[in-house]
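Data block below; observations after.
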Amino acid sequence: MPELTRLQELIYELEVREVMTPDPVTVTPDTSMAEFREILREHRISGAPVMEGDTLVGIISIEDLIKTLAEGQMNVTVGERMRRSPITVPEHKTLIQAVVSFQDHGFGRFPVVDHRGKLVGIITQGDIVKGLLKRLEVEYHEEEVRQYRASHVFEDISSDRTCITLHYHVNAQDFDRAGEASSRIKRVLNRLGAPPQIVRRLAIAAYEAEMNIIIHAHTTGEMVAEIMPDRVTLRADDAGPGIADIEQAMQPGFSTASEWVRELGFGAGMGLVNIKRCADEMTLESPPGGGTHLSVVIRIDPPWFSNNHNGSNQQRSSAG
Amino acid sequence: MKLADVIEVLEGKVISQEADPNLEVTCVSAADLMSDVLAFAEGGSILLTGLCNPQVVRTAEMADIIAIVFVRGKIPPSETVELAAKKGIPLIATKYTMFEMAGRLYEAGLRSCDISCRIT
């Protein structure tokens, strides 16, 4: 049972201060047992540390109250009935030490103290159980969020061909926001749970393509990412001056970028080379006066979700 | 090697809000041309650079670079620091030149990112 293992781990991981009730309700030795009964009722608690100023002098519980009730002596004070010099638990100890203390001493609660011995909280076995359950719930929820991935999206959508399409506007010369579209594409792919190498290749190709639009196009360009179970396609289109000689542009080191672009760390003539290196397929078109159109395909093999396309159809027809 | 060791070897100063000293550094890339970095930097590497503009952070983000070290006492402008904070990428300043930094890290046992293995 993996849950049990995780629970055992948590007992060694979580610290007392993480599950204790901080700033507990306290009483003084002068408090009468009748008042103590009211305090328990009002706060719905089962015991309280006894404080004399800043000093912890004892602990009193509902068991002490019941005994006092049975004896019919409700006028006595907490000071007369409390357990003196109580055993404390340091706040930075792990839960396992608190568990051992409960086992060894059989008490229902322990005052929790900081390194100077000052009272900071109170811990019961109920606090430990609640703290563990809460942490397990949080971890379960995080796991659930992590697993909400493209495969599930693709699984949920019944179609012959499912595709998530992302559109991003890229403004030429907008160096302040350069890389933002690629950053967003990368984040989406990560959220969808794409394999890290696929994310990395697409991010680099997208970033170089985005920089090309920003550096060379004179107008707004667009990047479109199409995410499918077996491939991601990236298109980058602009209506800029285009590329005079594509073959030359593909040569490593060839660049037409201006000096100030180079000062930004770009325009080294490696952009298209990098894109090609990241791509499984790459096409680059630049008809005279027709802008520049780049298309990059990165295949995902094995697909994120193979039970799609025709496979899905077959399964459905056989099931129906 | 841990990021903490790199900072010690380079007598570096963390200039971003935070840097996890336990990050594992696998290899090093040193360049001022961002396309070069994108071409050969591996995930898990650190980048040594003299370039201070926000594109350095973007490049690191795309290439899964875990920390950026600036040479010769350069302090990047606030846009760069802010973007790095947003992306959770630590920035480190050192007084050393690129050559000196590379030499110190090599001596400490780190190696260049493997150009032959490239992006894929």
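Numerical summary
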read-out: Residue that is nearest to the chain's Cα centre (by Cα), among those in the range A:259-284 that are surrounded by fewer than 17 Cβ atoms within 10 Å (Cβ to Cβ) and either facing another protein chain (nearest Cβ under 10 Å) or touching a residue at least 12 places away in the same chain (Cβ under 8 Å) (or both); value: A:280
read-out: Flag if residue A:148 is aromatic (Phe, Trp, Tyr), surrounded by fewer than 18 Cβ atoms within 10 Å (Cβ to Cβ) and either modelled with pLDDT of 90 or more or in a helix (DSSP H, G or I) (or both); value: no
read-out: Residue that is of a type in the set (A, V, I, L, M), modelled with pLDDT of 90 or more and surrounded by fewer than 17 Cβ atoms within 10 Å (Cβ to Cβ), where the choices are A:232, A:224; value: A:224
read-out: Yes/no for residue A:66 being under 30 Å from residue A:134 (Cα atoms), outside any strand (DSSP E or B) and among the hydrophobic types (A, V, I, L, M, F, W, C); value: no
read-out: Pairs, first within 14 Å of residue A:47 (Cα to Cα) in the range A:83-94, second of a type in the set (D, E, K, R) and assigned to a loop (DSSP other than H, G, I, E, B), C-beta under 8 Å, six or more apart; value: none
read-out: Any hit, the range A:104-114, residues being at pLDDT below 90, among the small types (Gly, Ala, Ser), surrounded by fewer than 19 Cβ atoms within 10 Å (Cβ to Cβ) and outside any strand (DSSP E or B); value: yes
read-out: Test: residue in the range A:229-248 that is within 10 Å of chain B (Cβ to nearest Cβ) and touching a residue at least 12 places away in the same chain (Cβ under 8 Å); value: no
read-out: Yes/no for residue B:35 being away from chain A (no Cβ under 11 Å), within 24 Å of residue A:198 (Cβ to Cβ) and surrounded by 20 or more Cβ atoms within 10 Å (Cβ to Cβ); value: no
read-out: Subset of the range A:182-225 that is of a type in the set (A, V, I, L, M) and without any contact (Cβ under 8 Å) to a residue 24 or more places away in the chain - its residue that is farthest from the other protein chains (Cβ to nearest Cβ); value: A:199
read-out: Hey, residue A:184 at pLDDT 85 or above, under 21 Å from the mean Cα position of the chain (by Cα), part of a helix (DSSP H, G or I) and over 30 Å from residue A:21 (Cβ atoms) or not; value: yes
read-out: Cβ pairs under 6 Å, 6+ apart, first in the range B:100-113 and farther than 10 Å from residue B:45 by Cβ, second modelled with pLDDT of 90 or more and of a type in the set (A, V, I, L, M); value: B:101/B:10; B:101/B:48; B:102/B:30; B:104/B:9; B:105/B:28; B:108/B:9
read-out: Members of the range A:26-73 that are surrounded by 12 or more Cβ atoms within 10 Å (Cβ to Cβ) and among the β-branched types (Val, Ile, Thr); value: A:26, A:27, A:28, A:31, A:39, A:45, A:50, A:57, A:59, A:60, A:62, A:68
read-out: Members of the range B:20-44 that are part of a loop (DSSP other than H, G, I, E, B) and either under 12 Å from the mean Cα position of the chain (by Cα) or at pLDDT 90 or above (or both); value: B:25, B:26, B:27, B:31, B:32, B:41, B:42, B:43, B:44
read-out: Residues satisfying the stated conditions in the range B:45-63, i.e. part of a loop (DSSP other than H, G, I, E, B), out of contact with any Asp or Glu (no Cβ under 6 Å at 6 or more places or on another chain) and more than 7 Å from chain A (Cβ to nearest Cβ); value: B:45, B:52
read-out: Number of the condition not met by residue A:300 [criteria: (1) within 14 Å of chain B (Cβ to nearest Cβ); (2) hydrophobic (A, V, I, L, M, F, W, C); (3) more than 24 Å from residue A:159 (Cβ to Cβ); (4) in contact with an Asp or Glu (Cβ under 8 Å, 6 or more places away or on another chain)]; value: (3)
read-out: Qualifying residue in the range B:64-76 (condition: out of contact with any Asp or Glu (no Cβ under 7 Å at 6 or more places or on another chain), within 14 Å of chain A (Cβ to nearest Cβ) and not in a loop (DSSP other than H, G, I, E, B)); value: yes
read-out: Flag for residue B:79 being exposed (fewer than 15 other Cβ atoms within 10 Å of the Cβ), of a type outside the set (A, V, I, L, M, F, W, C) and more than 10 Å from chain A (Cβ to nearest Cβ); value: no
read-out: Single residue of A:289, A:253 found to be more than 14 Å from chain B (Cβ to nearest Cβ) and out of contact with any strand residue (DSSP E or B) (no Cβ under 7 Å at 6 or more places or on another chain); value: A:289
read-out: Residues of the range B:55-75 satisfying the condition of being over 17 Å from residue A:278 (Cβ atoms) and crowded, with 23+ Cβ neighbours inside 10 Å; value: B:56, B:57, B:67, B:68, B:69, B:70, B:71
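The values are calculated or read from the model by the stated rules, or taken from the named source; none is laboratory data. The model shown is predicted, which means the values in this text are computed figures rather than measured ones. Cβ coordinates were reconstructed from backbone atoms using ideal geometry, including for glycine residues, and neighbour counts include every protein chain displayed.
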